[in-house]
Amino acid sequence: MSTAVMTSEHASPVRHAGNVDMKLEVVVIPVSDVDRAKRFYLSMGWRLDADFANGGNWRLVQVTPPGSACSFFFGKGITNATPGSVQGLLLIVDDIDVARAELIEQGVDVTEVFHFEGDRVHFTDIHGRLRGPDPEGRSYLTLASFGDPDGNGWVLQEVKTRLPGRGLGSMDVATLIPLLQETEEHHGEYERTAPKHHWSEWYAAYLVARERGKTPEQAVNEAGAYMEANRQ
């Protein structure tokens, strides 16, 4: 038996995939004009996390869409990719009509809502696109698209019901403990004056709002509105 085989047989076992969290935190977007890109993304209400420069040849801007666990880098001297070459950047929304209307109001040129013939979703061109939402109203198959000033392609994807295991994907125990404590505190304030209800419904509405990037105050309002709308 060869030395190479013997070495392989006695190597330390490899941990199976899935044992270690691997959370996508940042995606790089190639742009030609940093300030123009910054104005565009902030005009949509995205959060500005950072804007660092080092001399005239390096700059990094980080932005985050509302409710997103993933942020985006663009800048100068951080990628060799051609500006506008990134396509199929998915932005998940629970109401595509509302999301599209908000972007249009902010001056973004968004396509009409569409779905794909034969459910064959792709991001290379418009071939196979059919006007209107998915006829069966299925999640993941109703879309609309727009581009940034360089042509990097973004796609709104409507998801009303997630596939199993896809909810609250950015959570871990260390994050969830203080969030549950925060939820308990705000629910206590709500419970003092609220009609009889089950705490789990208010908790769920509050946690979903916070997971989507809402402030505690906004989450309280959304949880209260949910309870009012669903009161028997």
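Coordinate-derived values only; no laboratory data. Values in this document were obtained by computation on a predicted structure and should not be read as measured data. Every residue, glycine among them, receives a Cβ derived from its backbone with ideal geometry; neighbour counts consider all protein chains shown.
Odds and ends about this structure:
- For the peptides 195-203, 89-97, residues were scored by their other Cβ atoms within 10 Å and the scores averaged per peptide; the highest-first order is 89-97, 195-203.
- Helix runs (DSSP H) in the chain reaching 27 Å along axis by Cα, Kyte-Doolittle at least 1.0: none
- Toward the positive end of the charge dipole of the chain, with +1 on the Cβ of Lys and Arg and -1 on the Cβ of Asp and Glu, the farthest Cα among 128, 85, 190 is that of 85.
- Calculated over the chain, the projected area of the Cα convex hull averaged across directions stands at 20.3 nm².
- Given charges at beta-carbon only (K, R positive; D, E negative), |dipole| of the chain in Debye: 360 debye
- Amide H partners (placed H, <5 Å) of residue 28, local residues excluded: 73
- Relative contact order (%) - region 89-158, alpha-carbon pairs under 8 angstrom, separation at least six: 40 percent
- Sequence-separation-based contact order of the chain, relative, with Cα cut under 8 Å and 6+ spacing, percent: 16 percent
- Karplus-derived HN-Hα couplings along region 133-144 (A = 6.51, B = -1.76, C = 1.60, θ = phi - 60°), whole Hz, x at Gly and Pro: x, 4, x, 9, x, 7, 5, 6, 10, 9, 9, 8
- Aspartates and glutamates with Cα under 13 Å of residue 23, excluding same-chain neighbours fewer than 8 positions away: 172
- Potential extension, residue 24-residue 80 segment - 0.36 nm per residue separation minus Cα distance: 18.1 nm
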